[in-house]
Amino acid sequence: MILQALTKQYENLAKQGKVSREGWCRAKVSYAINLSVDGIITGIISLKREEERGKKKVWVPALLEVPEMVTRSSGVSANFLCDNAKYMLGIDAEGTNPRVQECFEAAKEKHISLLKDVESEMARAICAFFETWDPGEAASIGIVQENWQELTEGGNLIFGMGMTYAQEDSHIQEAWERTRNGSLEGKEGICLVTGKRTEIARIHKTIRGVPGAQSSGAALVSFNALAFESYGKEQSYNAPVGKYAEFAYTTALNYLLSDKTYTFYLGDAVILFWAESGEEAYQEAFSMSIDPKPDNQEELRGFFENLRLGRQIQIRDLELDPEQKFYILGLAPNAARLSVRFFYQNSFGNILRNLSRHYRRIEIVKPSWETKEYLGIRDMLFETVNRKASDKSPVPNMAAMVLQAVLADSRYPASLYADTLIRIRAEQGSITWGRAAIIKAYLIKNYKWEKGEISMGLNAACKDTAYVLGRLFSILESVQTDANPGIKATIRDRYFNSACATPASVFPTLIKLKNSHIKKLEREKINVKIYYENLLTEIMGKLERFPRRLTLEEQGMFMLGYYHQQQKKYEKREEK
């Protein structure tokens with residue numbers, strides 16, 4: 001299903017002219033070797049252009065359409081018309097050696113065999129170059145010597161004459177197409193993607209752009225050991241994918257990864273998404289919905305409101321079809337291969353509805369300074385990590401499972417809830433609004449408390465013991481801080497974890513401490529003392545006893561009660 005969806009996406013992109021035709025590819029090219037009609041190097045032309053990357057300007061190679069490049073993992077295998085200096089000039093940073101010479105000879109043989117009968121000035125110049133060029137003397141050629149470092153830094157080189165590049169020559173293009181179409185030497189079979197009988201791809205091209213994978217690219221479909229093979233079928237003949245489908249899905253995947261506008265990173269995975277129709281408006285709308293920014297929250301609110309009321313969804317005056325099929329793919333590095341973290345497909349409208357339900361569950365009262373209305377998936381996962389750690393990445397598998405749960409409107413993974421509680425305990429009761437929102441959403445979805453006692457803000461009528469204990473702990477802390485202004489460490493720093501897990505062992509001690517603080521308030525702030533006594537009487541009346549232990553579910557309610565009561569306290573101060 002993944003390969004079929006990517007093949008369809010390739011066909012959409014090809015219609016829009018955004019990807020190469022079969023037998024060709026887009027490659028990063030750094031320099032052009034300018035040749036005379038006799039095959040003599042007359043110049044080295046830089047094809048790099050300046051781009052802004054953040055706050056800096058950098059020089060990047062040009063992206064040009066060239067003949068399809070080979071997949072190289074080891075051994076010597078030359079590309080046609082576009083390759084690095086080892087193959088095109090027979091040199092590297094150290095000069096030349098037997099291995100580099102072997103690369104040059106492979107390129108020489110390939111180019112001469114393909115171009116020797118081509119009636120073109122460009123083809124004759126390239127053949128003359130390979131027949132006369134001596135890599136051992138390259139260092140003595142002035143033009144090459146002047147650009148030695150640039151040529152040997154690993155970038156791709158192409159041939160040119162004046163303002164024309166070799167791959168643009170119509171005669172050379174025809175020769176390449178004839179060679180490519182006449183080189184059907186592989187096995188035939190039924191393609192699993194198209195269902196047609198065709199030549200099966202023995203090796204699939206690599207995918208580039210997945211962080212952590214090999215810089216040269218990693219394979220999505222690959223077999224490189226006997227343990228992975230069966231019925232005597234070697235390499236990718238184990239998963240028969242036709243040449244066309246192999247080219248199509250790899251081209252589409254590389255294109256999607258190269259467009260950073262519509263990708264985002266989650267844990268160790270990169271997330272790609274696209275509509276079956278190939279229209280970018282759906283990608284833009286999804287990107288806005290899954291990772292909200294402060295400047296698009298009003299527009300996002302309009303999305304969800306229109307969806308709820310059955311109105312047409314629009315973005316940039318374009319109408320979006322809720323029934324449009326939409327795909328989301330998560331890829332992660334795995335040595336020389338790619339690991340599929342998850343693949344999800346649904347109608348675009350259903351995905352937005354599920355996101356809307358998630359955002360409603362995660363709504364909670366916030367501090368007055370917080371301008372963010374929607375807590376995005378990445379922001380939510382950030383709440384589970386140590387903010388002082390050098391590596392702030394969430395647990396990889398957990399990150400992918402959370403995203404999949406949100407998209408499918410299924411139960412949140414238990415690890416999300418557990419990691420949030422662990423982080424709160426590790427920071428001695430530091431409950432941010434994001435962490436409180438995660439607890440609220442998890443308890444509603446996983447424990448089915450949609451119509452229960454969990455609300456956005458303080459629920460003074462709630463009689464759940466754990467929730468009331470959390471409120472009580474917050475009030476006891478407030479009594480302490482009002483009785484001792486400027487105190488640096490409160491009962492939260494010393495007793496929060498114990499009060500949350502084993503209330504019966506801690507709250508009697510806290511009540512005794514409270515009595516001392518109340519006496520101090522009676523001498524200095526009689527009105528405050530009366531307010532706290534009335535509040536404590538009301539809350540203590542909801543408790544029959546202090547439980548010996550609280551379950552993980554109850555600990556979440558405790559933390560939610562504590563957070564709600566704290567926000568109520570700040571709300572009252574702001575009103576004053």
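The values are calculated or read from the model by the stated rules, or taken from the named source; none is laboratory data. Worth saying up front: this structure is predicted, and the values here are computed from it rather than measured. Cβ atoms come from the backbone with ideal geometry, glycine included; neighbour counts cover every protein chain shown. In case anyone asks, the SASA skips ligands and DNA or RNA and just uses the protein heavy atoms, side chains included. Shrake-Rupley method; radii C 1.70, N 1.55, O 1.52, S 1.80 Å.
Give me the Kirkwood hydrodynamic radius of the chain in Å, from all C-alpha pairs, to one decimal place? Evaluated on the chain, it is 28.7 Å. Which FRET efficiency value, to the nearest 0.05, do you get for Ser36 and Asn386 by plugging their Cβ-Cβ distance into 1/(1 + (r/R0)^6) with R0 = 51 Å? Using R0 = 51 Å, I get an efficiency of 0.20. Among the lysines of the range 34-159, pairs that are 8 or more positions apart or on different chains and have alpha carbons within less than 20 Å of each other number 6.
Each of Tyr10, Ile454, Asn97 was placed along the dipole of the chain (beta-carbon charges, centred on the mean Cα), and the one lying farthest toward the positive end is Ile454.
The label point for Lys260 and the one for Asp379, both projected 7 Å from the Cα toward the Cβ, are 2.2 nm apart. When the pairs Lys392/Lys445; Lys388/Lys512; Lys28/Lys243 are compared against a 29 Å limit on Cα-Cα distance, Lys388/Lys512 fall above it.
Translational diffusion coefficient of the range 209-332 (Stokes-Einstein, Kirkwood radius from Cα pairs, 10 °C, 1.306 mPa s): 92 µm²/s. Over the chain, DSSP H runs of length four or greater, each weighted -39,500 (n - 2.57), average out per residue to a 222 nm ellipticity of -14000 deg cm²/dmol. Taking a virtual spin label 7 Å from the Cα of Arg301 along the C-beta vector, which residues in the range 371-385 bring their backbone nitrogen under 15 Å of it? Correct set: 371-375. Taking a straight line from the alpha carbon of Lys205, these aspartates and glutamates sit under 14 Å away, with near neighbours fewer than eight places off in the same chain left out: Glu22, Glu68, Glu246. With contacts taken as Cα pairs under 8 Å at a separation of at least 6 residues, the chain carries a relative contact order of 10 percent.
In a reduced charge model with +1 at each Lys and Arg Cβ and -1 at each Asp and Glu Cβ, the chain shows a dipole moment near 3960 debye about its Cα centre. Summary value for the range 405-505: 27 percent relative contact order, contacts being C-alpha pairs under 8 angstrom separated by 6+ residues.
With a Förster radius of 30 Å applied to the beta-carbon distance between Ala504 and Trp369, the computed FRET efficiency rounds to 0.20. May I ask you to derive the FRET efficiency for Gln214 and Leu513 from their Cβ-Cβ distance with R0 = 51 Å, giving the value to the nearest 0.05? Given R0 = 51 Å and the Cβ-Cβ separation, E is 0.30. In this structure Glu11 has an accessible area near 70 Å², from a 1.4 Å probe over the protein heavy atoms.
Only alpha carbons enter this Debye calculation for the range 447-522, each as an equal point scatterer, and the log10 of I(q)/I(0) it gives at q = 0.15 Å⁻¹ is -0.60. Look at where the Cα atoms of the range 344-387 and of the range 46-112 average out, and the two centres are 45 Å apart.
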